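Peer 1: The structure under discussion is supplied below as structure tokens; questions concerning it will follow.
The values are calculated or read from the model by the stated rules, or taken from the named source; none is laboratory data. These numbers come from a predicted model, not from an experiment. All Cβ positions, glycine included, derive from the backbone under ideal geometry; neighbour counts span all protein chains shown.
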Amino acid sequence: MLENEQALIQNAQRGDLHAFNRLVVGYQNNVYSLAYRIMGEASAAADVTQEAFILAFRRISTYRGGSFKSWLLRITANRCYDELRRVQRKPAVSIEDLPGAEADDGPALPADSDTPEEVVQQRELQDAIQQCIDALSPDQRVVLVMSDVEGFSYQEIADEVDANLGTVKSRLSRARASVRDCLQAVQELLPAAFRLNTDN
């Protein structure tokens, strides 16, 4: 929670753009991280992050208390879900139209305590997990990230994706199974420490 968060929210609700910008600075990393996990691509995540904050500013009068961070992340997840569905309906883009490598923000800087080998292993694992998440349908991808990455309850997810609890649980179960199967398929590419133990 940000210092003076409630005061910033109240001022933003009165139309104070400076106060809202301070909220944006405080939560932009959380929002981008969620968007990146769901969208799986840096420029798409950046676009969704910007759109989510614009939407949050327009809807800030509807904020009624509770965790402001969770409120923002729900808006972000919903925006990602809408964008994934829109892209799914859109015709495929040719390889020539795809952005080049310059659009990639690259991996995060490693911690000083990690050895080069550990950094490489962690990146390989993160890449493998993200590729498996990217392979999910939009419905499954959103519920998996909201539940297992961001820690939202089943009910919060159901409210945001406009589905009943049984549907959310079913999508989450299928998503987890798909990611597990996907990781088992690529486990020979992963360092031994990250391989799933299938001998038991």
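Peer 1: From the list Arg85, Arg123, Arg74, exactly one residue is in the same structural domain as Ser43 (by TED's automatic domain parsing), within 17 Å of Glu41 (Cα to Cα), basic (Lys, Arg) and at pLDDT 60 or above. Which is it?
Peer 2: None of the other options fit; the residue is Arg85.
Peer 1: Considering segment 124-139 alone, what residues qualify as being out of contact with any Cys (no Cβ under 7 Å at 6 or more places or on another chain) and assigned to a helix (DSSP H, G or I)?
Peer 2: Of everything in segment 124-139, those that are out of contact with any Cys (no Cβ under 7 Å at 6 or more places or on another chain) and assigned to a helix (DSSP H, G or I) turn out to be Glu124, Leu125, Gln126, Asp127, Ala128, Ile129, Gln130, Gln131, Ile133, Asp134, Pro138, Asp139.
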